[in-house]
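Novice: The structure that follows is given in the form of structure tokens.
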Amino acid sequence: MKHTRTQLILLLMGGLTFAQQTQAPRLELKNQVFTVVRTVKDGKTTEELKASNGLQTPGQVGVLRLTLKNVSKEVLKNIRPRQPLNSSQEYLAGSASNSHPVEFSFDGGETFAPEPLFKTVSVQENGKTVLKKVQVKPSEYTDVRWNIPELQPGQSDVLDLRYKVR
């Protein structure tokens, strides 16, 4: 009986090891917020990113940085990290790092598409309500999403976007 119990324990331990080895690949994510500080010295303007304590004032420019790292031993494919913007952050056109295809949303992340984005609105023309397709302004964007084809084991990627505080 002891022999069987020992075999069962070893079998279960082996199964546990196998289960640990077949876990889903892992992606480590880190979000950071910076304030852009511009200084002029000898007629030259330089920019510095200062870690934000969350106390930004209207008109300030900030950077949202998303750092991804593949902490698994497998190649990760079709990664689609999303960076939401809150109501006090106005996306600055063309500022999303574009080392990968970038898509935007204006409906809270329900739908995404590459720029330019369009929406349908009701307008009054000659006393009639008509539907018109209009371009969405970057200031109306609510989310940014990148499409990363693959990330090798141990590989990191940094994705930035700029915003203005409303």
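Novice: How many residues are over 20 Å from the mean Cα position of the chain (by Cα) and either part of a loop (DSSP other than H, G, I, E, B) or under 19 Å from Arg162 (Cβ atoms) (or both) when one looks only at region 104-135?
Specialist: Total meeting the criteria: 2.
Novice: Could you list, in sequence order, all residues of region 137-166 that are of a type in the set (Asp, Glu) and in a helix (DSSP H, G or I)?
Specialist: Glu140
Novice: Applying the selection to region 83-103, what residues are assigned to a loop (DSSP other than H, G, I, E, B) and within 14 Å of the chain's Cα centre (by Cα)?
Specialist: Leu85, Asn86, Ser95, Ala96, Ser97, Asn98, Ser99, His100, Pro101
Novice: Would a scan of region 66-80 turn up a residue that is under 13 Å from the mean Cα position of the chain (by Cα), in a loop (DSSP other than H, G, I, E, B) and surrounded by fewer than 16 Cβ atoms within 10 Å (Cβ to Cβ)?
Specialist: yes
Novice: How many residues does region 46-63 contain that are surrounded by 11 or more Cβ atoms within 10 Å (Cβ to Cβ) and not basic (Lys, Arg)?
Specialist: Number satisfying all stated conditions: 7.
Novice: Among the residues of region 23-45, count how many are polar (S, T, N, Q) and either closer than 30 Å to Ile79 by Cα or surrounded by 10 or more Cβ atoms within 10 Å (Cβ to Cβ) (or both).
Specialist: Total meeting the criteria: 4.
Novice: Quick one: in region 38-64, which of the residues that are out of contact with any Ser or Thr (no Cβ under 9 Å at 6 or more places or on another chain) and part of a strand (DSSP E or B) is modelled with the highest pLDDT?
Specialist: Filtering region 38-64 for residues that are out of contact with any Ser or Thr (no Cβ under 9 Å at 6 or more places or on another chain) and part of a strand (DSSP E or B), the one modelled with the highest pLDDT comes out as Leu64.
Novice: For the structure I just gave you, tell me whether Lys119 is of a type in the set (Lys, Arg), surrounded by 12 or more Cβ atoms within 10 Å (Cβ to Cβ), free of Cβ contacts under 8 Å to residues at least 24 places away in the same chain and out of contact with any Cys (no Cβ under 7 Å at 6 or more places or on another chain).
Specialist: In short, yes.
Novice: Let me ask something else about it. Considering each of Tyr163, Tyr141 in turn, give the residue that is under 18 Å from Asn31 (Cβ atoms), buried (at least 18 other Cβ atoms within 10 Å of the Cβ), out of contact with any Asp or Glu (no Cβ under 8 Å at 6 or more places or on another chain) and hydroxyl-bearing (Ser, Thr, Tyr).
Specialist: The unique qualifying residue is Tyr141.
The values are calculated or read from the model by the stated rules, or taken from the named source; none is laboratory data. None of these values were measured; they are calculated from a predicted model. Note that we place each Cβ from the backbone using ideal geometry, even for glycine, and neighbour counts take in every protein chain shown.
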